[in-house]
1. Do we find a residue being open to solvent by 20 Å² or more (accessible area, probe 1.4 Å) and more than 31 Å from the chain's Cα centre (by Cα) anywhere in segment 434-441?
2. Among the residues of segment 68-101, which ones are closer than 30 Å to residue 207 by Cα, modelled with pLDDT of 90 or more and open to solvent by 60 Å² or more (accessible area, probe 1.4 Å)?
3. Restricted to segment 202-230, and to residues that are open to solvent by less than 20 Å² (accessible area, probe 1.4 Å) and hydroxyl-bearing (Ser, Thr, Tyr), which residue is farthest from residue 244 (Cα to Cα)?
4. Go through segment 170-183 and give me each residue that's polar (S, T, N, Q) and either touching a Gly at 6+ places or on another chain (Cβ under 6 Å) or surrounded by fewer than 24 Cβ atoms within 10 Å (Cβ to Cβ) (or both).
5. Report yes if residue 353 is surrounded by 23 or more Cβ atoms within 10 Å (Cβ to Cβ), more than 13 Å from residue 441 (Cα to Cα) and in contact (Cβ under 8 Å) with a residue 40 or more places away in the chain, otherwise no.
6. Just for segment 130-141: of the residues that are open to solvent by 20 Å² or more (accessible area, probe 1.4 Å) and of a type in the set (A, V, I, L, M), which one is nearest to residue 78 (Cα to Cα)?
7. Tally up the residues in segment 277-304 that are in contact (Cβ under 8 Å) with a residue 40 or more places away in the chain and of a type in the set (A, V, I, L, M), please.
8. Could you list, ordered by first residue, the pairs with Cβ atoms under 6 Å in which the first is in segment 8-28 and under 17 Å from residue 122 (Cα atoms) and the second is in a strand (DSSP E or B) and among the aromatic types (Phe, Trp, Tyr), at least 6 apart or interchain?
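The values are calculated or read from the model by the stated rules, or taken from the named source; none is laboratory data. Here the structure is a predicted model, which is why all the values come from computation and not from measurement. Cβ sites come from the backbone with ideal geometry, for glycine too, and all protein chains shown count toward neighbours. All accessible areas refer to the heavy atoms of the entire protein, side chains included, with ligands and DNA or RNA removed. Shrake-Rupley method; radii C 1.70, N 1.55, O 1.52, S 1.80 Å.
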Amino acid sequence: MTPHPRLPLQAVLFDMDGTLVDTERLWWEAVESVAGRALGAADEPDVLGRPVEHTAQWLAGRTGRPGADLAAELHREFADRVRTGIVPRPGALDLLDALAAAGVPTALVTASPRAVAGLVLDALGPGRFAVSVTADDTGRTKPAPDPYLAACRALGVDPAACVAVEDTETGVASAEAAGCAVLAVPSLAPIGGAPGRTVRETLVGVTPKELSEMAVPELRVMSWNLWLGGSRIDDHRAKQVKTIVDVGADVVGLQETAGTSARELAEALGWHHHTAGGNLGIISRYPITARLGDPEVGFYGAAGVRIAVRPGREVDVWTAHLHYTPYGPYEFHFDGLGAADLIAHEDVRLGQLREALRWIGDGDRAGAVPVVLTGDFNCPSHLDWTGVEWPVTKAAEEAGFHDSYRQAHPDPAAAPGHTWSPVHPVHEDGSGRPEPQDRIDYVLHRGLRVLDSRTWVTGAPAPWPGVADNDWPSDHAAVVTTFAVEP
């Protein structure tokens, strides 16, 4: 069976006991019977998610009985209970059916011996799993990664593009050590959250699409000029926080932070942050593993971070702010300058971008980590204007960067994507001339796949200067792009 062509998810790997079938309770009862006593929370690490041999040796140390005899007795007690008391976990069969319909391969990965797994497979119905890996099939079993790695090899899939479904900390440790994303559905003992791990109470309602998003997570990146930190707008910080939450952003490249906005927004959201100079900042719900760029960056320039989207999967995110003058659209619309002069006047911004690209290119493991470059470039794009090869966006393209908004919306006439300016319908000089509307804010990328991109403005902002009560706390529209972070 080959993975579904529309889903980046390559396979789903299921634990058995306590995950697919309610055997964790049966195993607990079997161990209690052999131990001759009731078990408690202190016994869980040596009982839940452990192979029979481990629990047998643990009991041997407490009873003085031979481990081999205890293992045989545990096998008998557990098998007798499985034959008479096996019950599928809620939602388990529906999820297996949905995955089969979507063409997503599945494997059974259990620390139980094959004799017990065979009983469960018979009860669930033949042919539900392309592969099964039991305690008999690998030299080491859970919490070692070997069982999950063996299942991935048998299926011919990349562990990083798979989701393991587990119910114990031992199983979760095994799957994560193999490099899989994990959906944890605790049975008897709680499981904490972690990057790359989703915890649900039940499998009821879980869909192949949800699992696909766990294996190949989405990263939503926002580029936002805060307009002097937002100070022109009443209650601006609360409005900024609400906007970021409403957008569903995972990481935000900020410009015009007024020095403190990145830290204050991160504190309000419970996120991580990086502040560079008095103007630039990045906030991220994911951990920041490195800070990149010139630590002495000035008001204009660029700064970056490396974020850990999940274990083993990192992305570099940069924010850039380029000089605002001379402004090409004014020179074109108000002064009548032609293409050659417009291009010649981009030298300052072009130099600033090239300096940023040098920092990006000089980063650790250059080229091995996907890169997102957000920013207010203060210039239009060559992808939008006919007749003007705007050199700043051309330089980014020549450095391997793709314009996420134009990838999602190739026709600039149908989707102009203007970001300047939602609060300036007319020019500020009092002449009454219409303000040129243009796309000057960007989310560029190198090495990712665009799922969606859009501009974002909240409500219908009142025009300058009566902006204090606006719900939208900026003079720029934001750009929001959702990426698939491939293995």
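1. Yes, because at least one residue in segment 434-441 is open to solvent by 20 Å² or more (accessible area, probe 1.4 Å) and more than 31 Å from the chain's Cα centre (by Cα).
2. Within segment 68-101, 90, 94, 97, 100, 101 qualify.
3. 212
4. Within segment 170-183, just 170 meets the criteria.
5. Spelling it out, residue 353 is indeed surrounded by 23 or more Cβ atoms within 10 Å (Cβ to Cβ), more than 13 Å from residue 441 (Cα to Cα) and in contact (Cβ under 8 Å) with a residue 40 or more places away in the chain.
6. In the first step, residues of segment 130-141 are kept if they are open to solvent by 20 Å² or more (accessible area, probe 1.4 Å); the result is 130-132, 135-141.
Still in the running and of a type in the set (A, V, I, L, M): 130-131, 135.
Working: 130: 25, 131: 23, 135: 15 Å.
Top of the filtered list is 135.
7. Going through segment 277-304 one residue at a time, the tally reaches 4.
8. From residues that are under 17 Å from residue 122 (Cα atoms), the pairs are 20/14.
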